[in-house]
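Have a look at the structure below, then the notes.
The values are calculated or read from the model by the stated rules, or taken from the named source; none is laboratory data. Just so you know, these numbers come straight off a predicted model, no measurement behind them. Positions of Cβ are generated from backbone atoms using ideal geometry, with glycine treated the same way; all protein chains shown enter the neighbour counts.
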Amino acid sequence: MGTRAMRIVERTRLIGPAAMLLLAMAGGGCTGARWMAYSMAPDIKEKISAECRLLYGQTVAVVVATNLMIDHDNPGLALDLSMKIAQELGQNVPKCRVVDALKIVNFQSANYGWRDMPKDQLAERLGANYVLLVTVNAFSTVDPMTRELSRGVMEAEAALYSASRTALSPQVWQATGGLRAAYPSSQNTEGNITQEGPEKVRMELVNRFSVRLAKKFYDHHEPVERRDELR
C-alpha cells in the first residue's frame with residue numbers, strides 16, 4: 001500500500017467499510033477508485049509564507065508609475081491600482097496602514113519630478129515608512145488581432161523602499177521575474193479572448209494583479225494541485 005493511497009483515503013474523510021474498500025482498490029491500482037476518492041475529497045490548501053514581512057505594523061504608500069501611452073489608453077489606472085493594492089494590504093497584512101491613494105496621485109500630479117526623487121525621501125514626503133513602487137510596463141484590454149474582442153494582459157514590476165536612514169539601501173525588496181495578470185483565466189499567459197467589455201476586463205485585471213501582489217506580503221493559503229496524486 002503506497003503513501004499516495006493512504007493520503008487519498010484520509011482526505012475523503014470516509015469511515016468504516018467504504019474507506020476500507022477504497023483503500024484496497026486504490027492500493028491495488030484501480031484508477032476508478034482513485035478518481036472516486038479524489039472527487040469526494042474536500043478542497044485542499046497549503047500555507048504559503050509571505051515573501052516579505054516588512055509591512056507588518058507599518059505605514060505604506062502604494063505608488064503606481066505608468067507611461068504616457070498607458071495613461072492615454074487607460075485614464076485613471078494609477079489611482080485604481082493604488083486604491084486596490086492598498087485595500088488588499090490594509091485588509092490582510094497585520095496592523096498595516098496605508099496612505100490614501102488620492103493623496104498619492106495628487107502628489108504625483110503636483111510634483112512632476114517625483115520619479116527622480118530618492119525613494120526614502122518620497123516615503124517621508126508621503127508620510128509612510130515604506131513606498132511600494134509599482135511600475136506598469138504593459139496594460140491592454142483589447143485583443144490586438146480583432147480589435148473587437150477583449151483580452152486582458154498586464155505586466156509590471158514592483159519594489160519596496162524604506163524611509164529608514166539606517167538602511168544600507170532604500171530598496172529592501174523586489175518582485176523577482178516581474179508580475180503578470182491575464183483575463184480571462186488561461187494557461188496561456190496572454191489570456192483568452194472574451195466578448196466582455198473593456199471596462200469589465202480592466203476591473204478584473206486590476207483586481208487580480210492587486211491580490212497577487214499583496215499576497216507577497218502576508219501568509220495565505222492556496223489550493224493544492226492534486227493531479228500528481230492520481231498518476
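Looking only at the range 130-166, which residues are surrounded by fewer than 19 Cβ atoms within 10 Å (Cβ to Cβ) and either modelled with pLDDT of 95 or more or touching a strand residue (DSSP E or B) at 6+ places or on another chain (Cβ under 9 Å) (or both)?
If the condition is that a residue be surrounded by fewer than 19 Cβ atoms within 10 Å (Cβ to Cβ) and either modelled with pLDDT of 95 or more or touching a strand residue (DSSP E or B) at 6+ places or on another chain (Cβ under 9 Å) (or both), then Thr135, Asn137, Ala138, Val142, Pro144, Met145, Glu148, Leu149, Glu155, Glu157, Ala159, Ser164 are the ones that fit.
Let's see how each residue does on (1) within 22 Å of the chain's Cα centre (by Cα); (2) acidic (Asp, Glu):
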residue	(1), (2)
Asn74	yes, no
Leu89	yes, no
Asn92	yes, no
Lys103	no, no
Asn111	no, no
Asp116	no, yes
Lys119	no, no
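The number of residues in the range 173-189 being modelled with pLDDT under 95 and in contact with a Leu (Cβ under 7 Å, 6 or more places away or on another chain) comes to 3.
Inside the range 105-136, residues that are more than 19 Å from Ala156 (Cα to Cα) and of a type in the set (A, V, I, L, M) make up a count of 6.
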